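Below: the structure, in structure tokens.
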Amino acid sequence: MPPSRFASALSRRHFMTWALGTGAAAALGGCQESRAPRESKDSKVTLTFWNGFTGGDGAYIKKLVEQFNQATPGIQVKMNIYLWADFFQKVPGAVISGQAPDVCVMHLDGIPTNAARGIIMPMDDLAQALGLKASDYTSQEVWQGGLYKGRRYGIPFDMHPLGMYYNKGVLRRAGLDPEKPPRTGDEYMAALEQLKGKGIQGHWMAPFLFTGTFQFESLLWQFGGELFDPGVTRATFDSDAGVRALTWLVDLVKKGYSPPNVGQDADFIAFQNGQNAFNWNGIWQLNALDEVPGLEWGAAPIPRIGPQEAVWGNSHQFVLMRQRSPDPRKLEAARTFIQWMSQRSVEWLESGKIPVLQRVAESPEFKSLEMQGQFARQAPYIRFPPAVAGISDALALVDKAVNQAVLGKASPADALKAAAAQATQVVRDNHEKYGD
């Protein structure tokens, strides 16, 4: 499930010697196997690994950790999986108490806050030893998202964008081609109108983060708007572009294409039950739909409603936790683990993700994943939350505006204006708090 809303003790020379000895420079660009640190049979290293993969991706991460433990008897990984909200609450306390896990996965927008608080540690040596560079990645934003104040704190593992699921059976009932989902705003509205004529409300509009806010942010960017100004000192989501985006979504309810007061996840459940035709949701739902008996469905990029292509997305990134007494052997082992996991990114993508590395995106193995491939068509224009410290508090106000407008408690313009004023104060307070 995607999100709710800290110098290595190992010397550079020590690390570079180890990394080059394992062929690390080629690890993420080729097929070499990583090797565990050379330890005697009595000096096995145990790593703790925390993440929030409680959904369908949990089975995939468990399988990969089991494979790693079998392949590297000198390193054993013990994994704890928490709900993401619980994960982000537990991590700071664990670091402060000296009980921090060794490796974690965090979302891109959580990295700056945890770096600023000293919860995660820089990984520049790792990235340099592996030869990682921006051109290796399918998105420059996902690469830049692992940086904070010029230092690297995250190694990208995947991307998980919004996309459009379509129910082929429902489209067929309405006389629409089940193999040709709408791609433009005009095509989308025509399809919704035809569905409405058959008594079907085609797009259930959720007033919550999952996935109403993701839909709003996608359309904000499509209409040429931005969430904040370039320095993230002022909220700008109440711009004309923002009002147009939110009005379009609110009109889905007003014009009868969506029922009012859609409950959390009710849109996705209705899709599975054949009550609506389109569901803008995350790639993480792929495997859940595969498990629904008799459901005929497809996936496609979200339609281009505004003048330009854009879609919300986020990224899981590996991070190293700050330790009260850093152990060089554990640091070596943690880097071996991250390297090994990155080599197996295609297996991870089967859980409902798209690749961050160009070589993986171009591989026959990934191209055989049909539905993931549909989401990956959006890779050139995936947009991410601003990677600045404390951003989650400001983004929560976007959620508030979407909720109020979709539920009819305020007009789109009024809801956005009030929320943007509050968000501007939050980001200004954050600049003082974190010194950004």
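Values quoted throughout were computed directly from the atomic coordinates according to the rules given, and no laboratory measurement underlies them. Fair warning: this is a prediction, and the values are worked out from it, not measured in the lab. FYI the Cβ positions are ideal-geometry reconstructions off the backbone, even for glycines, and counts take in every protein chain you see.
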Linear extension gain, T54 paired with E193, 0.36 nm per residue minus alpha-carbon span: 46.3 nm
Cα-projected label distance for Y82 with R151, points at 7 Å along beta-carbon direction, nm: 2.3 nm
Calculated P(r) tail over 23 Å for region 109-237, as whole % of Cα pairs: 55 percent
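Which value does Rg/Rh take for region 188-317 over its C-alpha atoms, Rh per Kirkwood? Intermediate results must be reported in sequence, preceding the final value.
Details: Rg = 15.4 Å, Rh = 15.7 Å.
When Rh is taken as the Kirkwood radius, the ratio is 0.98.
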Footprinting exposure proxy for D229, D414, D267 (fewest neighbouring C-beta atoms within 10 Å first): D229, D414, D267
18 Å reach of a label modelled at D414, 7 Å along Cα-to-Cβ, counting backbone N of region 217-247: 238-239, 243-244, 246-247
Least to most buried among D186, D136, D238 (fewest other Cβ within 10 Å first): D186, D136, D238
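Based on other C-beta atoms within 10 Å, arrange I61, I302 from fewest to most. Working shown, then result.
Values: I61 19, I302 26.
Fewest-to-most ranking of I61, I302: I61, I302.
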Rounded if a/c under 1.5, otherwise prolate or oblate - region 285-331, Cα gyration tensor axes: oblate
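Please get the size of the charge dipole for region 88-140, origin at its Cα centre, with Cβ charges of +1 on Lys and Arg and -1 on Asp and Glu, quoted in debye to the nearest 20.
Numbers: 3 positive and 5 negative charges, 37 e Å.
The calculated dipole for region 88-140 is roughly 180 debye.
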Neighbourhood net charge (14 Å Cβ-Cβ; Lys/Arg +1, Asp/Glu -1) for A235: -3
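Using a Förster radius of 56 Å, what is the FRET efficiency between I96 and E362 based on their Cβ-Cβ separation? Nearest 0.05, please.
Numbers: r = 43 Å, r/R0 = 0.77.
Working from the Cβ atoms, E equals 0.80.
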Out-of-range pairs (alpha-carbon distance over 27 Å; input K133/K400; K330/K433; K62/K353; K62/K367; K62/K168): K133/K400; K330/K433; K62/K168
Surrounding net charge for W348, when Lys and Arg each add one and Asp and Glu each subtract one, Cβ distance under 14 Å: -2
Of every Cα-Cα pair in region 164-205, the percent that sits beyond 13 Å: 47 percent
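Run the dipole for the chain about the Cα centre, Lys and Arg Cβ at +1, Asp and Glu Cβ at -1, nothing else charged, and hand back the magnitude in debye, nearest 20.
On the way: 44 positive and 43 negative charges, 157 e Å.
In total the dipole reaches around 760 debye.
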Residues with amide H under 5 Å from that of Q76, placed H, sequence gap 5 or more: V45, T46, L47
Square roots of five times the Cα gyration tensor eigenvalues for region 322-436, Å: 37, 26, 11
Computed [θ] at 222 nm, helices only, for the chain once each DSSP H run of length n ≥ 4 contributes -39500 (n - 2.57): -12500 deg cm²/dmol
Relative contact order %, region 152-288, counting alpha carbon pairs below 8 Å whose residues are six or more apart: 38 percent
Percent of alpha-carbon pairs separated by more than 18 Å within region 317-370: 44 percent
Spatial separation of Cα centroids for region 373-436 and region 61-85, in angstrom: 34 Å
Distance between modelled label sites at K254 and D240, nm, 7 Å Cα→Cβ extension: 1.8 nm
Residues R324 and R428, FRET efficiency given R0 of 30 Å [Cβ-Cβ distance, rounded to 0.05]: 0.35
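Take every DSSP beta bridge whose two residues both sit in the chain, then give the antiparallel share in percent to the nearest 5. Numbers along the way, then the final one.
Working: 25 of 38 bridges.
Taking every DSSP beta bridge within the chain, about 65 percent pair in antiparallel fashion.
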Contour excess over end-to-end distance, with Cα ends at K133 and T247 and 0.36 nm allotted per residue: 37.0 nm
Quarter of the Cα convex hull surface for region 255-294, i.e. its orientation-mean projected area (nm²): 3.2 nm²
